[in-house]
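Chemist: There's a structure below that I have some questions on.
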Amino acid sequence: MTDSLPSHPGLVGGPVFLDYNATTPVDPRVAEAIHPYLADWFGNPSSSHPYAAAPTRALARARAQVAALIGADAGEIVFTGSGSEADNLALRGAVLSGRTDRPHVITQVTEHPAILETCRALERLHGAEVTYLPVDGNGLVDPAALAAALTEHTVLVSVMAANNETGTLQPIAELARITRAHGVLFHCDAAQAAGKFPLDVRELDVDLLTVVGHKMYAPKGIAA
């Protein structure tokens with residue numbers, strides 16, 4: 001028999017935790033890696049004084065690591081304080097910077113509330129029109145339905161990579177190709193996909209993709 005792996009200290013003595021789609025415990029190796037920046041290297045990485053040196057190097061290294069995870073360039077990574085903030089930034093940024101006075105957004109009915117509530121806010125506060133595509137019995141978006149929903153006012157399509165409740169994997173590359181052919185931006189919420197199977201933003205051909213740390217053994221309060 002092989003020796004069993006040691007239990008995470010946060011899981012000892014409690015019920016079996018199976019809701020890893022909601023959150024994960026922080027890997028002890030992650031906690032060890034970040035400890036110096038909580039205890040000693042406190043400087044603001046945007047400052048020019050010596051206290052900023054170590055945090056500046058760490059931030060650049062982290063940005064490169066996240067970029068490598070999804071096949072992006074380090075300069076394309078923008079850190080945020082949560083997955084909801086990352087989704088909000090992607091959707092609101094794309095819509096509010098659009099060149100049409102009647103922005104149209106397309107998403108689908110089983111998206112995470114971080115997307116759906118942002119879409120509702122865009123409708124309510126900024127007069128955006130949002131199309132909520134249905135899904136079939138397997139939870140999948142029909143690419144033909146997406147193509148039919150695109151209009152001259154569409155500025156953004158947002159479809160998640162993996163559903164947090166059903167596990168459905170959407171055909172992101174196919175949907176993005178349709179979107180790009182119409183000159184429309186494509187956003188993908190990959191919170192439930194990153195770290196579980198390979199992601200490459202070039203192969204997927206997406207413009208915007210969001211990932212969340214606490215879904216893959218990092219602390220809460222960090223996303224990109």
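Readers should treat all values here as calculations from the given coordinates under stated rules, not as data from a laboratory. Being a predicted model, the structure only gives us computed values, none of them experimental. Positions of Cβ are backbone-derived with ideal geometry, glycine not excepted, and every protein chain shown enters the neighbour counts.
Chemist: In the stretch 107-118, is there at least one residue being surrounded by fewer than 16 Cβ atoms within 10 Å (Cβ to Cβ) and closer than 21 Å to Asp207 by Cβ?
Modeler: Checking the stretch 107-118: not a single residue is surrounded by fewer than 16 Cβ atoms within 10 Å (Cβ to Cβ) and closer than 21 Å to Asp207 by Cβ.
Chemist: Of the residues that make up the stretch 36-47, is at least one touching a Ser or Thr at 6+ places or on another chain (Cβ under 6 Å) and among the polar types (S, T, N, Q)?
Modeler: no
Chemist: Run down Leu156, Leu150, Leu208 and say which single residue is farther than 22 Å from Ile77 by Cα and surrounded by 15 or more Cβ atoms within 10 Å (Cβ to Cβ).
Modeler: Going through Leu156, Leu150, Leu208 in turn, the sole match is Leu150.
Chemist: Across the stretch 12-38, which residue is surrounded by the fewest Cβ atoms within 10 Å (Cβ to Cβ) among those that are under 18 Å from Gln65 (Cβ atoms) and of a type in the set (A, V, I, L, M, F, W, C)?
Modeler: Filtering first and then ranking leaves Ala33.
Chemist: Here is a further query. Could you list, in sequence order, the residues of the stretch 124-144 that are farther than 13 Å from Thr107 by Cα and exposed (fewer than 15 other Cβ atoms within 10 Å of the Cβ)?
Modeler: Within the stretch 124-144, Arg124, Leu125, His126, Gly127, Asp136, Gly137, Asn138, Ala144 qualify.
Chemist: Something else: Given the criterion in contact with an Asp or Glu (Cβ under 9 Å, 6 or more places away or on another chain) and over 30 Å from Glu203 (Cα atoms), identify the matching residue among Ala54, Ala67.
Modeler: It is Ala54.
Chemist: Still on this structure, I have one more. Residue by residue through the stretch 67-116, note down the ones that are in a helix (DSSP H, G or I) and in contact with a Gly (Cβ under 7 Å, 6 or more places away or on another chain).
Modeler: Correct list: Ala114 only.
Chemist: Tell me the strands (runs of 3 or more DSSP E) entirely within the stretch 143-224 that contain at least 3 residues that are more than 19 Å from Leu133 (Cβ to Cβ).
Modeler: none
Chemist: Still on this model: Please count how many residues of the stretch 39-62 are assigned to a helix (DSSP H, G or I) and surrounded by 10 or more Cβ atoms within 10 Å (Cβ to Cβ).
Modeler: The qualifying residues number 12.
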